[in-house]
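Q: The structure under discussion is supplied below as structure tokens; questions concerning it will follow.
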Amino acid sequence: VQGLVRITTFERRLPRATTKLQSLNSFAITPDGKNVVLAVTSEDEEGGYYSNLYMKRADNEGGGLSRLTYGSLYWDALPVMAPNTDGGNALVFQSNRGDRNKADIFLVHLGDDGISGGISRVTSDSRFNYGPTFLDSNREFVYLSIEAAYAPAQPQISTIGFDGKLPTQFQI
């Protein structure tokens, strides 16, 4: 460690506070180390919670914040970065963008100024899909999933590629 730089400035929120909640729930660092992707939880006017992704310079506490995802209905969280073969960065995260009642895995490509292209839904099934992380190839990743409608179900580990092929479940 050569030094520490504070990059977020969330204020402490006391119990029964009149200010709306805003807090960091997860983050990822870009492969070049220059930016941090932040998943920030916020509170709406009715007291409901949602989360969006932001990108921020890693060496600057005060500025350089770019919003990556929008919406007060979604829970965008657990971002994971990997270098992409086309010179950009691939970011996967879990969200309920496709189905408000469960999480799936989504993919975006990041350029210097934010998302390059749109948000792609990678998993789409009846399972609750969460916790993505990349494999060595950076063209596929693994994630956890569980059958939400079956309480005694155990989490399973699956792998899926960016090419749209069906996921492969690891045998345990």
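The values are calculated or read from the model by the stated rules, or taken from the named source; none is laboratory data. Quick caveat: nothing in here was measured; it's all calculated off a predicted structure. Ligands, DNA and RNA are stripped out before the accessible areas are found, and what is left, the full protein with its side chains, is counted by its heavy atoms. Shrake-Rupley method; radii C 1.70, N 1.55, O 1.52, S 1.80 Å.
Q: Just one of (1) closer than 23 Å to THR159 by Cα; (2) at pLDDT 85 or above trips up ASN84, so point out which.
A: (2)
Q: Residues that are among the polar types (S, T, N, Q) and open to solvent by less than 30 Å² (accessible area, probe 1.4 Å): list the strands (runs of 3 or more DSSP E) wholly contained in the stretch 21-67 that include at least 2 such residues.
A: So the answer is 35-43, 49-57.
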